[in-house]
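Report on the structure given below.
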Amino acid sequence: MTEPRVPATIEQPAPTAWPMVLAFGITLIFAGLVTHVLVSAVGAILAATAGVGWWRQVLPDPQVEHVAVSPFPEGGVAVLAARPPVGRLTPGEGGHRVRIPVAVQPISAGIKGGLVGGAAMAIVALTYGVVMQRSLWYPVNLLAAAAMPEMAHAGTAELRAFDLTALLIGIVAHAVISILAGLLYAVILPMLARRHMLWGGLVAPLLWTGGLWTVLGIVNPVLNARVDWAWFIVSQVVYGLAAGYVVWRAEPIATLQTWPLVARAGIEASGEATPLAEREP
């Protein structure tokens, strides 16, 4: 039987430690899977005991406690709802960007930037081949060596010679990597507040060149030793400047985050009859 109601109190479930014991028991059950079966056995005993103890807290009679409450004064207490005004920023107000990014570059800008940057990088690479190796094919064959292990172990004379397979692999690999890097530029550069050319033309090329030098030194040290890293850094910086400039000059597209919910969901509602293509975010 439950205890009679005590004046000026409210009933609350009586505190109990059985939930914590049950959780500890379940933890021991799973811990025993990677340690010893006895740990799981102890956990099962604790979980079963806690389940029974927790059940007895409720049935047949719920265990409760009476918590004293302060009586209300005569006439009650007036509660005043405070609704301070909320200041809202609009994109660009006071130099603040409410949502990041406010606008993004189109995918086409990333593709164009990647192709332009790839062409500029190819010019630097071919210049290196002519000036340093006296062969246009040396940088192409060296690029193809990432997919042709036998090319990495080839002699200098073989790397300077024309190879149709290496040429096709080099062109495809160079185009794909250039376009993917351009798409990354289109996604990342709008998130940077300023100095896009610094980030895209210097910081990013140095970061991925350092990562590539580290990985290539572990995966393929023979190929790593054949790369002229000073010329490689120059080619990457040229790529970053060219691709970053094309992406930066593209007309940005406002994100839909500034649109009302009904507009983003494509719902026609009163006051939202303006076509989506003509609505300004």
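Observations
- Here segment 116-189 and segment 190-229 have alpha carbon centers that stand 16 Å from each other.
- If the segment from Thr49 to Val79 were pulled out straight at 0.36 nm per residue, it would be longer than the present Cα-Cα gap by 6.1 nm.
- Semi-axis lengths (Å, descending) of the ellipsoid that matches the C-alpha gyration tensor of segment 9-67: 31, 10, 5
- Debye log10 I(q)/I(0) at q = 0.13, 0.22 Å⁻¹ for segment 103-250, Cα point scatterers: -0.58, -1.34
Values quoted throughout were computed directly from the atomic coordinates according to the rules given, and no laboratory measurement underlies them. What you see is a predicted model, and the numbers here were worked out from it, not measured in a lab.
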